[in-house]
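Encoded as structure tokens, the structure appears first; notes follow it.
The values are calculated or read from the model by the stated rules, or taken from the named source; none is laboratory data. If you're wondering where the values come from, they're calculated on a predicted model, not measured in any experiment. Please note: Cβ atoms are built from the backbone with ideal geometry, for glycine as well, and neighbour counts cover all protein chains shown. Calculation scope for accessible area: heavy atoms of the full protein, side chains included, ligands and nucleic acids excluded. Shrake-Rupley method; radii C 1.70, N 1.55, O 1.52, S 1.80 Å.
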Amino acid sequence: MFIDLLIMLVMAYGFGFLYYGLYRNISARVHGRFGPSLAQSFYDSIKLFTKDTSTDFGWMFFAGPIIMASGAILTVLFIPYFNHGERLVGLSPYGNLIVVLYFMVLGPLGNALGVGSHGNPFGAMGITRGLTRLLGLEMPFYIAVVGLMIANESADIGTIMANQAETYNIIAHPLLFIAAFISFLGFLGKSPFDVVGAPQEVYSGPAVEFGGKFLALALSQSAIFSFAKLLLMVDLFLGGADSLWDLILKTFVLFVASVFVGNVYGRFTTAQSVDFLLKVPTVIAIVGLLFV
Amino acid sequence: MKNLQKTYEVTQKVERLFEVTVTQTDFWEAVLYISTQTEFNTLSQIACADWIEEEHFLLTYILTTDARDKNLMLKLTLGREYESMPSVMTLFPQAEVMERDLHEMYGIGFEGNETLYDFVLEQWHDLPPLRREFDTLAFVHEHFAFKGGREDNKDVKVEQKRRREEAKKQKALEAAKQEAKKQETEKQETEKPKEPNTHATDAEETQDKKPDTKEAEDGQ
Amino acid sequence: MQKGFVAYNNEQKSLEAETEGIKNSQTLIQKAMNWFSARSMFVVAYGTGCGAIEMPPVFTSRYDIERLGVVGVATPRQADIMIVSGYCSLKTLRRVIRTYEQMSEPKYVIALGSCTINGGMYWDSYNTIKKLEEYIGVDMYVAGCMPRPEALIEGFVKLQESIRNNTIQPGYVKYREDYAYYQANQEKLLGKETQPVYEEDYAGMNLS
């Protein structure tokens, strides 16, 4: 059991950073550059863990990244990796989809607590943008997930996965998938929904005062968290994974789709992204709900 | 423009640049009149020159029209010993920064401008650096240390002169060479034209000869 | 070090001469840490002078320094390297010192252009500093007026080499151990307040 949890975490860390390296590489090719090596994100992470921290704004400042990281880790532990398997299911027998949705909000809240304790205005601006955007993101995602719960008459991720043995939810409920996918793009924090940490506007936003080990923690949790979201999307709409290769293939396809969307579209402002999220995907999700 | 010429003596410097000189006491009246009654209603710059030999500053307020097609220089002289001027901020709000700059660089006071504190130079306790009695080199040598490596520096002007002369000599040499070459080529050219002529005459001769031979053949 | 764009001259030698023999006295973990910090560099590019124009091509598509692991970041808290690009006026120097002290160790400084070495063409200016290394720790000089982006890239490569092999004593170690010297220099030039004070707003009102 504990070995399973450890393997799940290590896999999430590894795949998260590997995909982030791929994202940097693909973006570089789009720009006409060579881009860094695939392992560059690992180097960054390890180097940041060996750095000193020169800031001190009280204990809440240090607790913020830790709450954030624990939110990401709990999210990934409550999502089963494989379809009807006994290994790598983590804590999912003890919790359901509602718990996962709850933990997904824990990270940004912890971030807000940490950022609020230092007086940097750019951090406050960034976190305000982040929480406002979260308001828009949650609506379509929750509606889509509620639709799936109604259709399956269960909130258990394992049951939802098992019910997709014949047809995947992406075919059975395409409108719900579209709504959830747009929202998922926002959760990943990549363009066009990357206004939170825009380096040219708010100087990397919530992370503006984090350096050294705490930045490393923030980067690691974001890698783990993005892999957790990929997993959740695969579990809910692509029927889960039967084997390791299946898992890699499905998460990779979803990831590449999000990368291409991110490289094509420019950045939305906060108001634009909330506007867009509350209009387009929410309406799609509600229409999809009618077909359930 | 006609208004202006009625009241002030206007000299035209270039096609679209005019000049009015006033005294320090008349300045406020003049700038008020010009900005309200004539077409020069915008301030674009305040320039200052330090005439240390004549012991005054020469202040130039450059005013423009709405269409930006004409400029008026409003000139006045001001004593060097930290005297002050009336601020024109009430007429032109943009004058705030220019006056602040002049205050910092020359030590001129402006009555009515409340922002005359540190601007570009932060916590500057020395003389205002653009006054000409401020010795820049002495200040630099007092406050900064130099690294070794500048000892073999040459005086730029001397070196420039030397290089220019060298380049002149080089040019003269090259010109002489080229002339020599030209003369050679001219000589060759004068000799050359004969050769094609001789060839031509040869060809003509051969051509002339051929019919002869033909005729001779015919004759045979 | 072979001859290249980076001026391997007296300035650079003076940074390296003091530390022969540090190289062999490090543990395996320190070696690994050095390798990682050489492989991944977060840069805060402080555009003080004309060198700011030479940096965008280095970080974007034309020269693409990201393939060496060098990434630009927005705040000094996250940065490993500061580039001081060109002349530094007295007002800027206060900000440079504050930025430098906000960075967390290990941190390095690349001084770009002749002005940071010996004043450059501003050698007789009352308002620009002459030697940057008197006020903060400097690890790499890239000479030139202005150095081309290739020179800056070579500066990065040489700095990575020297971090990996530990051939220079890093500037931050000197700054920490010899802080009295640096502070005396800073105070001689800037007065007691060596870092910017933001007490007055635009209209001259006292905020505090």
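Values computed for the structure shown
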{"item": "Value of Rg/Rh across chain A [Cα atoms, Kirkwood radius]", "result": "0.95"}
{"item": "Most mobile of B:ASP101, B:ASP126, B:ASP135 in a GNM of chain B (Cα contacts under 10 Å)", "result": "B:ASP126"}
{"item": "Rh by Kirkwood over Cα pairs, then Stokes-Einstein D for the protein assembly as shown at 1.002 mPa s and 20 °C, µm²/s", "result": "67 µm²/s"}
{"item": "Bridge type composition, the range B:2-143 - antiparallel percent by DSSP, nearest 5", "result": "75 percent"}
{"item": "Calculated on alpha-carbon atoms, Rg and Dmax of the range A:199-256 in Å", "result": "15.5, 44"}
{"item": "Antiparallel bridges, percent of DSSP beta bridges restricted to the range C:57-208 (to nearest 5)", "result": "20 percent"}
{"item": "Apportionment of accessible area to carbon and sulfur, the range B:13-110, percent (1.4 Å)", "result": "51 percent"}
{"item": "Per residue accessible area in Å² of the range B:1-43, where ligands, DNA and RNA are left out and the probe is 1.4 Å", "result": "65 Å²"}
{"item": "Of all DSSP beta bridges in the protein assembly as shown, antiparallel share, percent nearest 5", "result": "50 percent"}
{"item": "Total formal charge among the other residues, if their Cβ is under 12 angstrom from that of A:GLY126, Lys/Arg +1 and Asp/Glu -1", "result": "-1"}
{"item": "Hull-based mean projected area of the range B:23-90, where the convex hull spans the alpha carbons, in square nanometres", "result": "4.8 nm²"}
{"item": "Relative contact order of chain A, pairs being alpha-carbon contacts under 8 Å that are 6 or more residues apart, as %", "result": "28 percent"}
{"item": "In the C-A interface, the accessible area buried, summed over both sides, Å² (probe 1.4 Å)", "result": "2200 Å²"}
{"item": "³J(HN,Hα) computed for each position of the range A:173-183 - Karplus, 6.51 cos²θ - 1.76 cosθ + 1.60, integer Hz, glycine/proline x", "result": "10, x, 5, 4, 5, 4, 4, 5, 5, 4, 5"}
{"item": "Whole-percent carbon and sulfur share, accessible surface of the range C:52-208, 1.4 Å", "result": "51 percent"}
{"item": "Positive-end extreme of charge dipole, the range B:2-143 - chosen from B:ALA138, B:LEU4, B:PHE57 (charges on Cβ)", "result": "B:LEU4"}
{"item": "Heavy atoms of B:ASP50: accessible area, 1.4 Å probe, square angstrom to 10", "result": "20 Å²"}
{"item": "Positive-end residue, the protein assembly as shown charge dipole about Cα centroid, Cβ charges, pick of A:VAL105, A:ALA172, C:PRO149", "result": "A:ALA172"}
{"item": "Lys, Arg +1 and Asp, Glu -1 on Cβ, resulting dipole of the range A:2-290 about Cα centre, debye, nearest 20", "result": "760 debye"}
{"item": "Residue-count net charge about C:PRO170 - beta-carbon cut-off 9 Å; Lys, Arg +1, Asp, Glu -1", "result": "0"}
{"item": "Links that overshoot a 28 Å alpha carbon limit, given the list A:LYS47/C:LYS130; A:LYS213/C:LYS158; B:LYS168/C:LYS130", "result": "A:LYS47/C:LYS130; B:LYS168/C:LYS130"}
{"item": "Relative contact order for chain B, counting Cα pairs under 8 Å that sit 6 or more residues apart, in percent", "result": "11 percent"}
{"item": "D (Stokes-Einstein, µm²/s), Kirkwood Cα radius, the range A:140-292, 0.692 mPa s at 37 °C", "result": "197 µm²/s"}
{"item": "Range of Cα positions in chain B per principal axis (Å), largest first", "result": "124, 61, 29"}
{"item": "Which listed pairs, of B:LYS75/C:LYS91; B:LYS157/C:LYS188; C:LYS131/C:LYS174, have C-alpha distances above 27 Å, in listed order", "result": "B:LYS75/C:LYS91; B:LYS157/C:LYS188"}
{"item": "Relative contact order, percent, the range B:25-123 [alpha-carbon distance under 8 Å, six or more residues apart]", "result": "20 percent"}
{"item": "Average accessible surface area per residue within the range A:2-290, 1.4 Å rolling probe, Å²", "result": "42 Å²"}
{"item": "Accessible surface buried once C binds B (1.4 Å probe; total of both sides; Å²)", "result": "2300 Å²"}
